[in-house]
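Following: one structure in structure tokens, then a few remarks.
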Amino acid sequence: QVQLVESGGGLVQPGGSLRLSCAASGSIFSIYVMGWYRQAPGEQRELVAAIHSSSITNYADSVKGRFTISTDNAKNTVYLQMNSLKVEDTAVYYCNIKGFSARYDYWGQGTQVTVSS
């Protein structure tokens, strides 16, 4: 059974940085895309950043230039470096891994990121 374990969330002041990590336990094959989503209170879950098996990345417009997604494929780990954080980045952040042809769709439990002075 595959589990995604996230870490790195917390409280940070505006303008600060955090690095989220998501490690997958168990064997995963044929990963199509690894990504980070977030959900603020009263809002829908939204895609923040994703990295495909081709190494192509895409970002939400609101985080472009501030957030960077990367992976360590040997460790089945995906990271999200978040810089210049804003109050509006406050949300629960979820890690997601999808397989080719929708073979699987794994989610982490979520990690809280709070940006506040």
Exposed-site-free run, longest, the chain (rule: trypsin sites (Lys or Arg not before Pro); DSSP loop; at most 16 other C-beta within 10 Å):
1-44
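Between residue 105 and residue 13, how high is the FRET efficiency from 1/(1 + (r/R0)^6) when r is the Cβ-Cβ distance and R₀ = 41 Å? Nearest 0.05.
On the way: r = 35 Å, r/R0 = 0.84.
After rounding, the FRET efficiency stands at 0.75.
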Over the alpha-carbon set of the chain, work out the extent along each principal axis and list the three values in angstrom, largest first.
42, 27, 26
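What FRET efficiency do you get for residue 27 and residue 88 if R0 is 35 Å and r is their Cβ-Cβ distance, rounded to the nearest 0.05? Please report the intermediate quantities before stating the final value.
Details: r = 38 Å, r/R0 = 1.07.
Once the sixth-power term is evaluated, E becomes 0.40.
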Take the solvent-accessible surface of the protein heavy atoms, probe 1.4 Å, and return the percent of it on the chain that carbon and sulfur atoms account for.
48 percent
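Before I look further, what does segment 1-52 give for accessible area per residue, probe 1.4 Å, in whole square angstrom? It would help to have the intermediate numbers written out before the result.
Numbers: 2840 Å² over 52 residues.
Dividing the accessible area of segment 1-52 by its residue count gives 55 Å².
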Run down the aspartates and glutamates and flag those whose C-alpha is under 19 Å from the C-alpha of residue 98, throwing out any fewer than 8 positions away in its chain.
6, 46, 72
For labels at residue 57 and residue 116 in the simple 7 Å Cα→Cβ model, what's the distance in nm?
2.9 nm
Collect residues whose amide H, placed 1.01 Å from N in the peptide plane, falls under 5 Å from the amide H of residue 104; neighbours closer than 5 in sequence don't count.
99
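Would you please name the GluC sites (Glu not before Pro) within segment 1-102 that are DSSP coil residues with at most 14 other C-beta atoms within 10 Å of their C-beta? Walk me through the numbers on the way to the answer.
Numbers: sites: 6, 43, 46, 88; in loops: 43.
Sparse-neighbourhood loop GluC sites (Glu not before Pro): 43.
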So which lysines can residue 86 reach, going by Cα to Cα under 19 Å and dropping same-chain residues fewer than 8 places off?
64
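Provide the gained length on full extension for the span residue 47 to residue 74, in nm with one decimal, where the gain is 0.36 nm per separating residue minus the Cα-Cα distance.
Working: separation 27, 0.36 × 27 = 9.72 nm, distance 2.42 nm.
The residue 47-residue 74 span can extend by a further 7.3 nm.
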Between segment 1-34 and segment 39-86, the Cα center-to-center distance that results, in Å
10 Å
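The values are calculated or read from the model by the stated rules, or taken from the named source; none is laboratory data. Keep in mind that this is a model prediction, so the values were computed, not measured. Note that each Cβ is placed from the backbone with ideal geometry, even for glycine, and that neighbours are counted across all protein chains shown. Please note that ligands, DNA and RNA were not included when accessible areas were found on the heavy atoms of the full protein model with its side chains. Shrake-Rupley method; radii C 1.70, N 1.55, O 1.52, S 1.80 Å.
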